[in-house]
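Below is one structure, written out as structure tokens; comments come after it.
The values are calculated or read from the model by the stated rules, or taken from the named source; none is laboratory data. Note that the structure is a prediction, hence the values are computed from the model and not measured. Don't worry about glycine lacking a Cβ; one is built from the backbone with ideal geometry, like all the others, and counts go over all protein chains shown. When the accessible area is computed, the model is the full protein with side chains, heavy atoms only, and any ligands, DNA or RNA have been set aside. Shrake-Rupley method; radii C 1.70, N 1.55, O 1.52, S 1.80 Å.
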Amino acid sequence: MISAFFAIVRRDLILAVRLRAEAVNPVFFFILVVTLFPLGIGAETKLLQTMATGIIWVSALRAAMLSLDSLFRSDFDDGSLEQLLLSPHPLTILVFAKIIAHWLVTGLPLLIVAPLLAVFLGLPQQALGTLLITLVLVTPVLSLIGSIGVALTVGLRRGGMILSLLVLPLYVPVLIFASNAVAMAGNGYAVDAQINILIAILLLSVVLAPLPAAAALKMSMS
Amino acid sequence: MSFVPAPISRFFHRMASPPHFYCLTNKLLPWLTVIFILLLGYGLYAGLYLAPTDYQQGDSYRIIYVHVPAAWMSLFIYVVMATAGAIGLIWRIKLADIMVICSAPIGASFTFIALVTGSLWGKPMWGTWWVWDARLTSELILLFLYLGIISLYGAIEDKRSASRAVSILALVGVVNIPIIHYSVEWWNTLHQGPTVTKIDKPSIHIDMLIPLLVMAIAFKFYHLIALLQAAKVELLKREQNSQWVKTMLESET
Amino acid sequence: MPDHFSTRQSLQARNLSCFRDDRLLFEGLDFTLENSQVLLLEGKNGSGKTSLLRIICGFREQDDGEILWCGNAIEDSDFFAQMAYVGHLDGVKKELTVTENLKTALALGRPGKYSLDQALEKVHLAGYDNSLVQSLSAGQKRRLSLARLLISSNTLWILDEPFTSLDKDGISLIESLMHEHITAGGMIILTSHHDLVLHESYVQKINLSPCH
């Protein structure tokens, strides 16, 4: 079971390296959307500073949404998903492996880019550490919760819009706690409560999300 | 089903057998309708005429007789839907699958009514149609959850797969609703401060409360009527090839 | 009989029925498949051959009836450790090499009779170890997906039109692999428009063409 888990992670990472162009798209999208905000609302430093956390988090959410489609799509199209389902190993574990690989490919780059963009938007220095911590905690949650939505819609030809409708409402809690933590840290307040809640949400989604995702994949296969 | 006592399990399977459900529904519906009309009539009369005028809000508070029961129903129906979804996923009971998808539009309607009445009430209260109040925001997200279920069901062609899909989604949603609700409340207290708290009155006069409860029960009956009616139609659609539907149609014509 | 098939195994279907879009594909279908037997599904396009295979694989749920592996329900048995499926889709990643694909397949199952190199030899893909799958021809991809059957341990092969996109040599290659599997005590369920050259005594046929 362990070897199957790592075989899937390894395979998906190799695929991501071979398909680099596709893998970096969400990051470019993220940078682009964040860049559009100053153009849209004006480059007034004070205004950007107050909106910085919101801009970064909403853009990160959209970038994560955009990257979700690649989670099961190609496996569904080329029949690899059938083989995954027929494996004697528990599907939940294999799905979890795919989510981990997906996070390594799409979540990690956001961790590197987001603080950089935060500086461009004038986010206070003291909030950067909190931004990084919340990104570490939240990006896996985005992949985990998102996996349920993709698993439900992978069999649909035009699942993209429905995917957003299914997943974005479920992203509300992490959006609230994460952006609140960053904003509070910027004002110099302690943010232990928000961080603890985010840790709880992360643990909860690690335990719970792969189950419905696996069940939904089985449904999509039929 | 070993952990459910045999008589209960037998009862459920008998209740859930399509022909039995169909006959029972036909017998129940007229009675339910009568009870609903009586309750609604009394609730509206008591709420709009008998209940005293509020000393702060005047008569505009009377919208709670629609708003509050609708808001209660919006959550209640989601829980019913998720429960039916769990039953359908675990025991593969067709009727539970039908209940899930028939609940969604009813729940979405109540959520919509709660939003609209909340916003109508907001105008005299806050002087604006929309305020990012915690309850209204939660209600709005709940509406999105319902819409997600409805559109996912519509998008999947095979209706059996679609039922499984929305059951899974409803269960995911029901786990998330408390978290969403709590997070929105947290967000609200930080951003809005106490300005909107006058909406939740700490105590309510008994003469105002009784019509409210009557209306809430009336709404429950309405839900039951709408659900059974929709389930009946959906059941006929899905079972059109089965023997009992054919026999029934022959005997009716 | 070689020792890895030493215990008798069986796949049994009882009273299976399947609808698609309110259309009855088949009903009351019974069959029993034992070691050293082949089940050939025949019927026109749309008669439910692929649906039946997908029901046996557990992708699809039957509308009625049950499937038993060695007398137990599929999900309560070691069925998935004992079967391998090659469907319309090859189930290989075109951006990965031949070896990388087979290694993943191996990690998902349990090691079988042949090593990777032996299996590649058998399906005439020796020397392609490090080629990307996207550089292979359709027939070579097909043979690669069949190599999966050889590297993992399994009794039951479920093959949906295995001869598609194969040339004459490819077809006789598969036939010899199937023959070897059957004589070693394996089981095969397949759909095919191609006439099988396997000995009659191994083969049972089910015709799914609508009878009403």
The number of residues in the stretch A:84-134 that are away from chain C (no Cβ under 14 Å) and among the charged types (D, E, K, R) is 0
Would you mind telling me which numbered condition in (1) in contact with a Ser or Thr (Cβ under 9 Å, 6 or more places away or on another chain); (2) open to solvent by 10 Å² or more (accessible area, probe 1.4 Å) A:ILE99 fails? (2)
Here the residues within the stretch C:154-212 that are touching a strand residue (DSSP E or B) at 6+ places or on another chain (Cβ under 7 Å) and on the phi > 0 side of the Ramachandran plot are C:GLU161
Quick one: A:GLY155 ticks every box in (1) facing another protein chain (nearest Cβ under 9 Å); (2) touching a Leu at 6+ places or on another chain (Cβ under 9 Å) bar one, so which box is it? (2)
Here are some residues: C:PHE19, C:PHE80, C:PHE59. Which one is hydrophobic (A, V, I, L, M, F, W, C), farther than 19 Å from C:ILE182 by Cβ, within 14 Å of chain A (Cβ to nearest Cβ) and open to solvent by 60 Å² or more (accessible area, probe 1.4 Å)? C:PHE19
Could you tell me which of the residues A:VAL150, A:VAL154, A:VAL167 is in contact (Cβ under 8 Å) with a residue 60 or more places away in the chain, open to solvent by less than 10 Å² (accessible area, probe 1.4 Å), under 23 Å from B:GLY173 (Cβ atoms) and over 14 Å from the mean Cα position of the chain (by Cα)? A:VAL154
Answer from B:ASP54, B:ASP59 - the residue that is open to solvent by 40 Å² or more (accessible area, probe 1.4 Å), among the charged types (D, E, K, R) and over 21 Å from B:ILE225 (Cβ atoms): B:ASP59
Tell me, which helices (runs of 4 or more DSSP H) wholly within the stretch A:1-108 include 1 or more residues that are aromatic (Phe, Trp, Tyr)? A:2-18, A:20-41, A:45-68, A:73-78, A:91-102
Hey, C:ARG110 hits all of (1) within 14 Å of chain A (Cβ to nearest Cβ); (2) crowded, with 19+ Cβ neighbours inside 10 Å but one; which does it fall short on? (2)
Tell me, yes or no, whether the stretch A:71-78 has at least one residue that is basic (Lys, Arg) and either within 22 Å of A:LYS218 (Cα to Cα) or open to solvent by less than 10 Å² (accessible area, probe 1.4 Å) (or both). yes
If we only count strands (runs of 3 or more DSSP E) wholly inside the stretch C:130-210, which ones have 1 or more residues that are closer than 16 Å to C:LEU89 by Cβ and touching a Phe, Trp or Tyr at 6+ places or on another chain (Cβ under 6 Å)? C:156-160
Of the residues that sit in the stretch C:85-106 and are within 19 Å of the chain's Cα centre (by Cα) and in a helix (DSSP H, G or I), which one is nearest to the other protein chains (Cβ to nearest Cβ)? C:THR104
Positions within the stretch A:47-83 being of a type in the set (Gly, Ala, Ser) and more than 14 Å from every other protein chain (Cβ to nearest Cβ), in sequence order: A:ALA52, A:SER59, A:ALA60, A:ALA63, A:ALA64, A:SER67
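This table checks each residue for (1) under 30 Å from B:SER119 (Cα atoms); (2) at pLDDT 90 or above; (3) of a type in the set (Ser, Thr, Tyr).
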{"site": "B:ARG10", "(1), (2), (3)": "no, no, no"}
{"site": "B:SER17", "(1), (2), (3)": "no, no, yes"}
{"site": "B:LEU38", "(1), (2), (3)": "yes, yes, no"}
{"site": "B:TYR49", "(1), (2), (3)": "yes, no, yes"}
{"site": "B:PRO52", "(1), (2), (3)": "yes, no, no"}
{"site": "B:GLY58", "(1), (2), (3)": "yes, no, no"}
{"site": "B:SER74", "(1), (2), (3)": "yes, yes, yes"}
{"site": "B:MET81", "(1), (2), (3)": "yes, yes, no"}
{"site": "B:ILE101", "(1), (2), (3)": "yes, yes, no"}
Does C:LEU159 meet the test of being at pLDDT 90 or above and within 27 Å of C:SER36 (Cα to Cα)? yes
Within the stretch C:49-84, the residues that are part of a helix (DSSP H, G or I) and either closer than 21 Å to C:PHE19 by Cα or of a type in the set (Ser, Thr, Tyr) (or both) are C:LYS49, C:THR50, C:SER51, C:LEU52, C:LEU53, C:ARG54, C:ILE55, C:ILE56, C:CYS57, C:ILE74
